[in-house]
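The values are calculated or read from the model by the stated rules, or taken from the named source; none is laboratory data. Quick caveat: nothing in here was measured; it's all calculated off a predicted structure. Note that each Cβ is placed from the backbone with ideal geometry, even for glycine, and that neighbours are counted across all protein chains shown. For accessibility, only protein heavy atoms count, side chains too; no ligands or nucleic acids. Shrake-Rupley method; radii C 1.70, N 1.55, O 1.52, S 1.80 Å.
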Amino acid sequence: MAEGDGKHDLIREKLGQSAGLLEAHGIDCWITFVRETAVQRDPILPFLCGGDLTWHSALVLTRSGGKYAIVGNLDKQAVEDLGVYDSVTAYVEGIRKPLAALVGSLEPQNVAVNFSRDSEIADGLTHGMFLLLRDILSHAGYEGELLSAEPVISSLRARKSPEELDRIRRAIDATLKIFAEVRGFVRAGRSEAEIAAFMLQRVDQQGLETAWDRGHCPSVFTGPDTAEAHYGPTSRPVAAGHILNMDFGVRLDDYCSDLQRVWYVPEAGSTAIPDEVSHGFATIVEAIERARREMRPGRLGVDIDTVARSFIVDRGYESFPHALGHQVGRFAHDGTALLGPEWEKYGRKPRLPLEEGMVFTLEPRLKVQGRGTVTIEEMVVVTAEGAEFLSLPQRELWIAQT
């Protein structure tokens, strides 16, 4: 792959953000320590290197803007070809001496590494590799604590560059196009599995990938008493009186979309929508809009979740059993900060402040007794002054053919 192509440019963009983030978080030196990444791939690696690394490797970034790579000798050329590191040091026998020498020359007051208690996207360092790195740094004369690099990694992934936002928009456009095609295919008598197969055929025809496991993407749920989320389509047929919702996204140029759309299935020959269905749909649309209007840099995710959750409960519905929204990037679920309640499973994520450039879903839900679940999922980007829709929001309930 030639220098200057999209992948190299994107790595250059992200590394260009690193010094400012290290300065903002008071970190002198950030080390990403990996090995055999085809087996144990650190989530941050695509932002720092792109390809896989075989032997023990250290990608070292400093507050002053230094960028250093230490890799096995047969990995050196690929890393050098990126053209993004100040120096690429190769070793034959082992990484201990060159890494200790580099850290010794930098004399950092603190060192952050790729582990985290709360964030899966910042927790790529295995325990064994942690112990080895601590031993190497001790021989380099560094006796300080190894800090979590979570704040830096989270911000680096979260603050989408112009190129990243462009890729996400194109993934969203591709998703909305397939939703438009399946809109005319959904009708009474067709099964969830048939609807999903229609969409996957379009994915394959356009040379795309699904944003998550094809067995659950798209997820299709029709009528009451379904799994509601994180479950594959079944042979259950669409029937009159059902609410049908669909969760779907694609991956395009390494970046994902994640959207949900909702239909109502009327009686044959009718387009009438029952009041309870119209009320539920309008409630979800308004909850999403109220949450979006409250989003801006510095606000806490828990506060945005509360806006939508309280509105839905005040309208007479049960509180939905999940977070309002998650970040999206290279994965459909990608990022640390979360728009969610302060539940144990979410750790510190809901209390992290929003940052400009973060991309979130907004996906509240509610049940309509005897008919199914109303769920819409939109995608927004946090801007300097608020938040803007990346997806064209669903403002009217789609009517299935009968």
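When region 362-402 is filtered for residues that are closer than 18 Å to Ala272 by Cα, open to solvent by 50 Å² or more (accessible area, probe 1.4 Å) and in contact with a strand residue (DSSP E or B) (Cβ under 9 Å, 6 or more places away or on another chain), the ones remaining, listed by number, are Arg371, Ile399, Gln401, Thr402. Residues that are part of a helix (DSSP H, G or I) and either in contact (Cβ under 8 Å) with a residue 24 or more places away in the chain or closer than 18 Å to Val368 by Cβ (or both) within region 305-331 comprise Asp305, Thr306, Ala308, Arg309, Phe311, Ile312, Val313, Asp314, listed in sequence order. List pairs: first residue in region 375-391 and among the polar types (S, T, N, Q), second residue assigned to a strand (DSSP E or B) and crowded, with 20+ Cβ neighbours inside 10 Å anywhere in the structure, Cβ distance under 6 angstrom, at least six positions apart or on different chains. Sorted first by the residue in region 375-391, then by its partner, the pairs are Thr375/Asn245; Thr375/Gln260; Thr375/Arg365; Ser391/Leu259; Ser391/Glu378; Ser391/Met379.
Could you say whether any residue in region 309-326 is of a type in the set (S, T, N, Q) and under 18 Å from the mean Cα position of the chain (by Cα)? So far as region 309-326 goes, no, none of its residues is of a type in the set (S, T, N, Q) and under 18 Å from the mean Cα position of the chain (by Cα). The criterion of at least 3 residues that are at pLDDT 95 or above and touching a Pro at 6+ places or on another chain (Cβ under 9 Å) is met, among strands (runs of 3 or more DSSP E) falling completely within region 232-280, by 243-248. Pairing residues of region 188-215 that are in contact (Cβ under 8 Å) with a residue 60 or more places away in the chain with residues that are open to solvent by 70 Å² or more (accessible area, probe 1.4 Å) and among the small types (Gly, Ala, Ser), at Cβ distances under 9 Å and at least 6 apart in sequence or on separate chains, gives Ala188/Ala268.
Sort through Val60, Val39 and tell me the only one that's touching a Cys at 6+ places or on another chain (Cβ under 9 Å) and hydrophobic (A, V, I, L, M, F, W, C). Break it down stepwise before answering.
On the way: Val39 fails: touching a Cys at 6+ places or on another chain (Cβ under 9 Å).
So the residue among Val60, Val39 that is touching a Cys at 6+ places or on another chain (Cβ under 9 Å) and hydrophobic (A, V, I, L, M, F, W, C) is Val60.
Under the condition of being more than 22 Å from Val220 (Cα to Cα) and open to solvent by 10 Å² or more (accessible area, probe 1.4 Å), the residues counted in region 246-270 number 4. Every condition in (1) within 30 Å of Ala158 (Cα to Cα); (2) open to solvent by 40 Å² or more (accessible area, probe 1.4 Å) is met by Pro237 except one, and the failing one is (1).
Evaluated against (1) surrounded by fewer than 16 Cβ atoms within 10 Å (Cβ to Cβ); (2) in contact (Cβ under 8 Å) with a residue 24 or more places away in the chain; (3) within 20 Å of Glu388 (Cβ to Cβ), Ile172 falls short on exactly one condition, (1). If you filter region 134-148 down to residues that are surrounded by 17 or more Cβ atoms within 10 Å (Cβ to Cβ) and over 11 Å from Val111 (Cα atoms), you find that the one that is modelled with the lowest pLDDT is Ala140. Taken over region 288-337, the residue count meeting the criterion of being open to solvent by less than 20 Å² (accessible area, probe 1.4 Å) and of a type in the set (Val, Ile, Thr) is 6. Take the conditions (1) closer than 16 Å to Ala174 by Cα; (2) surrounded by fewer than 18 Cβ atoms within 10 Å (Cβ to Cβ); Thr210 misses just one of them, which is (2). Looking only at residues in region 32-48 that are open to solvent by 10 Å² or more (accessible area, probe 1.4 Å) and of a type outside the set (Gly, Ala, Ser), the one that is nearest to Ala112 (Cα to Cα) is Pro43. Among the criteria (1) charged (D, E, K, R); (2) part of a loop (DSSP other than H, G, I, E, B); (3) more than 24 Å from Asp213 (Cα to Cα), the one Asp334 does not fulfil is (3).
Quick check on this structure: which one of Glu143, Glu164, Glu209, Glu194 is over 26 Å from the mean Cα position of the chain (by Cα), over 30 Å from Gly370 (Cβ atoms) and of a type in the set (Asp, Glu)?
Glu143
Within region 344-393, being among the charged types (D, E, K, R) and more than 18 Å from the chain's Cα centre (by Cα) holds for Glu344, Arg365, Lys367, Arg371, Glu385.
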